[in-house]
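Notes follow once the structure below has been shown.
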Amino acid sequence: MQNIKGKTALITGGSKGIGLGIAQSMLDHGMKVLITGRSESALDAAKNQLFSSDEGNILTYVSDVRDHDSLRSAVDTLLSEWGNLDVLIANAGVGHFAPIDELSIEDWKETIDINLSGVFYTLQSGMEALKKSKGYFITVASLAGTNFFANGAAYNASKFGLVGFTQAVMLDLRKYGIKVSTIMPGSVATHFADHVPSEKDNWKIQPEDIGQMVIDLLQMHPRTLPSKIEVRPSMPG
Ligand SMILES: NC(=O)c1ccc[n+]([C@@H]2O[C@H](COP(=O)([O-])OP(=O)(O)OC[C@H]3O[C@@H](n4cnc5c(N)ncnc54)[C@H](OP(=O)(O)O)[C@@H]3O)[C@@H](O)[C@H]2O)c1
């Protein structure tokens, strides 16, 4: 099993939901984590919620994944604090759902710019650091990246694109010793698309379950790479 204690990670969209769950799992395993998001107050709330025996293991950085410069600054901040970047998680994403004859150009653009282009910008910002560390790049796609549904044109397009992107990137980067995986969850109990998590969501995957999955990937023997992982609630709600 790979020792991950002391390894560093940057998680986009780490202030809530899946990103926050991954951050907590990493801290529980002795990693150092920088989380990003657009809202400073949400990042502050997340920092207060995250538990680590060493507060120096948590950094926050206000960054919109549509803004390359803010992503580069987030990576630079992590590198100046901790020296190297071992794990980059492209998790930030949004959901707009409408029939195609009602879908606005604004919602289309926001979905593609954040969920797809934002992942490319995230990788570009961390790529050189990952080459140096022979690190791990993980994208959070969705089962919507393989199953299409009504009202899902923008979201399906972004996630089908992201699955294809991540698989191609996996082939490009493995020659540098960088591992690349995409995780494709079904329903997870989060704030996604303005949802408010409650007890009614107990049947869903919980954010810490995705956190555990990421830890399992990081601990896997270097010779083996689960490159595309579908994960769903074991019992539909
Ligand atoms: N929940 C599900 O059922 C489910 C299933 C499959 C896949 N996913 C995927 O999981 C990922 C995380 O979603 P979630 O369910 O955890 O949703 P969530 O609870 O709404 O969390 C989304 C996170 O992303 C951040 N974010 C959104 N837009 C951003 C941007 N432009 N730049 C930087 N950060 C941004 C949010 O913070 P700010 O708003 O403050 O920026 C927040 O921290 C998404 O890619 C989503 O598509 C979710």
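Here are the criteria: (1) at pLDDT 95 or above; (2) within 24 Å of ASP76 (Cβ to Cβ); (3) touching a strand residue (DSSP E or B) at 6+ places or on another chain (Cβ under 9 Å). Tell me which single one ALA42 does not satisfy.
So the condition that ALA42 fails would be (3).
Scanning the range 28-57 for residues that are closer than 15 Å to ILE89 by Cα and in contact with a helix residue (DSSP H, G or I) (Cβ under 6 Å, 6 or more places away or on another chain), which turns out nearest to the ligand (Cβ to nearest atom)?
Checking each candidate, the answer is GLY37.
Would the range 120-135 turn up any residue that is in contact with a helix residue (DSSP H, G or I) (Cβ under 6 Å, 6 or more places away or on another chain), farther than 22 Å from TYR176 by Cα and modelled with pLDDT of 95 or more?
No, because not a single residue in the range 120-135 is in contact with a helix residue (DSSP H, G or I) (Cβ under 6 Å, 6 or more places away or on another chain), farther than 22 Å from TYR176 by Cα and modelled with pLDDT of 95 or more.
Which one of VAL180, VAL196, VAL169, VAL188 is more than 9 Å from the ligand (Cβ to nearest atom) and under 14 Å from the mean Cα position of the chain (by Cα)?
VAL180
Considering only the range 128-152, state which residues are in a loop (DSSP other than H, G, I, E, B) and within 16 Å of the ligand (Cβ to nearest atom).
ALA141, SER142, THR146, ASN147, PHE148, PHE149, ASN151, GLY152
As an exercise: evaluate THR122 against (1) closer than 21 Å to HIS195 by Cβ; (2) within 12 Å of the ligand (Cβ to nearest atom) and give the number of the one condition it does not meet.
(1)
Results for (1) touching a Ser or Thr at 6+ places or on another chain (Cβ under 6 Å); (2) assigned to a helix (DSSP H, G or I); (3) of a type in the set (A, V, I, L, M); (4) closer than 18 Å to GLY93 by Cα, shown as yes or no for each residue.
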residue	(1), (2), (3), (4)
ALA157	no, yes, yes, yes
PHE165	no, yes, no, yes
MET170	yes, yes, yes, no
LYS175	no, yes, no, no
ILE183	no, no, yes, yes
ILE210	no, yes, yes, yes
THR224	no, no, no, no
SER234	no, no, no, no
GLY237	no, no, no, no
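Kindly indicate whether any position in the range 75-95 is surrounded by fewer than 16 Cβ atoms within 10 Å (Cβ to Cβ), over 14 Å from the mean Cα position of the chain (by Cα), assigned to a loop (DSSP other than H, G, I, E, B) and among the hydroxyl-bearing types (Ser, Thr, Tyr).
no
The values are calculated or read from the model by the stated rules, or taken from the named source; none is laboratory data. Because the structure is predicted, anything quoted here is derived from the model rather than measured. Note: ideal-geometry Cβ built from the backbone for every residue, glycine included; neighbour counts use all protein chains shown.
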